[in-house]
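Working notes, beginning with the structure itself.
The values are calculated or read from the model by the stated rules, or taken from the named source; none is laboratory data. The structure presented is a predicted model; accordingly, all values stated were derived computationally and were not measured. Reconstructed Cβ throughout: ideal geometry from the backbone, glycine too, with neighbour counts over all protein chains shown.
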Amino acid sequence: MEQDLAPGSTLSVDKQGIIYALIGTVFFSLKPVLIKIAYQLGGDAVTIMSLRAASSLPFYLLILCWLLRGSGQRQKTLRYGWQAMLIGILGYYFASLFDILALESISAQLERLLLFMYPSFVVLISMLVLKETPKAGTFLSILLGYLGIALIVAHDIQHLGDDIWLGSLYALLSAMIFATYLVLSKRVISQLGSQLFTSLGMTSAGIVILLHFQWSGAQLSTISLDLALLGIALGFFCTVLPSYLIAAAMARLTPSAVSLTSNIGPAMTAVFAITILDESFTIYHLLGITLVVFAVIQVNRKPKADRTQLTSSAEENLSGQDKATSPAKTKTEA
């Protein structure tokens with residue numbers, strides 16, 4: 001026990017992972033606010049999505065080329081790459097499209113909370129398709145989460161009108177597609193690794209998004225400089241950077257620790273929306289955020305035995321990382 005507590009390297013890795021997770025969550029939380037600003041600058045859903053993809057695609061292509069230097073990675077890509085590409089298009093093209101469409105009609109705060117409820121769809125898919133039995137209290141937690149969302153909808157409909165229903169539907173579709181993406185991606189990630197899977201998925205989705213832009217007949221000449229710069233910020237700061245920061249955090253922390261850290265997301269989006277977009281924040285929003293975050297924490301909470309096993313596994317992995325001091329042997333998730 002004393003030996004486990006003595007080395008400073010384990011504590012350093014934990015702190016590093018938490019910092020990566022927090023920064024990644026903050027950048028992800030800024031995304032709906034920047035998209036709302038993009039609409040104010042005259043953008044539409046296809047243009048905003050395409051600018052984001054165009055500015056992030058070169059980074060993912062470079063990382064993908066770097067990862068494919070090894071023959072082992074190329075062999076895995078030949079065998080499983082098509083699955084990663086199809087799943088990536090599902091998660092990063094369709095989910096993103098519905099998400100951006102939603103933000104045309106609803107507030108950034110409501111959008112963030114609706115997407116944050118994606119674990120409810122993971123539970124539903126796992127129960128109906130994978131025949132997994134949800135743990136006790138799961139459906140009560142989900143009900144509380146949607147009660148929190150209903151409070152915010154009841155407030156926002158007075159200011160945003162009936163369009164809020166269509167926007168909420170788009171956001172829920174995005175959450176459902178993202179949940180499906182997560183369920184489908186587990187097995188493929190185990191074969192390819194998170195970096196290669198993410199790079200293949202984001203690259204294929206980016207290409208499809210740009211093809212959609214070309215097919216839509218939109219003209220680059222109609223895009224203002226301010227909108228183009230905002231699209232670059234969306235692509236790098238709200239897509240590329242946080243995706244690898246979260247991956248780096250997952251390499252250093254247990255899944256439950258990363259999940260708990262990401263729970264600050266809705267609160268961060270609320271802060272950005274209030275200060276940047278001047279969105280209102282009432283007792284309805286406070287209660288709604290509280291209920292949704294509580295519900296998601298409860299749904300994601302694992303049984304005590306599983307948490308103990310995860311912690312032990314993490315400690316063993318960290319011990320192994322301490323021994324792997326050679327740069328060639330160290331995984332760089334960021």
query = (1) more than 30 Å from residue 298 (Cα to Cα); (2) in contact (Cβ under 8 Å) with a residue 40 or more places away in the chain; (3) surrounded by fewer than 19 Cβ atoms within 10 Å (Cβ to Cβ): which one isn't true of residue 230, the others all being true?
reply = (3)
task = Examine the range 130-152 for a residue that is under 24 Å from residue 242 (Cα atoms) and of a type in the set (A, V, I, L, M, F, W, C), and state whether such a residue exists.
result = no
key: Number of the exception - residue 47 against (1) farther than 24 Å from residue 266 by Cβ; (2) touching a helix residue (DSSP H, G or I) at 6+ places or on another chain (Cβ under 6 Å)   = (2)
ask   = How many residues does the range 137-191 hold that are modelled with pLDDT under 85 and not in a helix (DSSP H, G or I)?
value = 2
query = Checking residue 75 against (1) closer than 22 Å to residue 264 by Cα; (2) without any contact (Cβ under 8 Å) to a residue 24 or more places away in the chain; (3) of a type in the set (S, T, N, Q), which single condition isn't satisfied?
reply = (1)
query = Hey, residue 283 hits all of (1) β-branched (Val, Ile, Thr); (2) surrounded by 14 or more Cβ atoms within 10 Å (Cβ to Cβ); (3) at pLDDT 90 or above but one; which does it fall short on?
reply = (2)
remark   = Counting only residues in the range 234-278 that are β-branched (Val, Ile, Thr) and closer than 12 Å to residue 17 by Cβ, the one modelled with the highest pLDDT is identified as 246
task = Go through the range 198-284 and tell me which helices (runs of 4 or more DSSP H), entirely inside it, have 2 or more residues that are hydroxyl-bearing (Ser, Thr, Tyr) and under 23 Å from the mean Cα position of the chain (by Cα).
result = 241-252, 255-262, 265-276
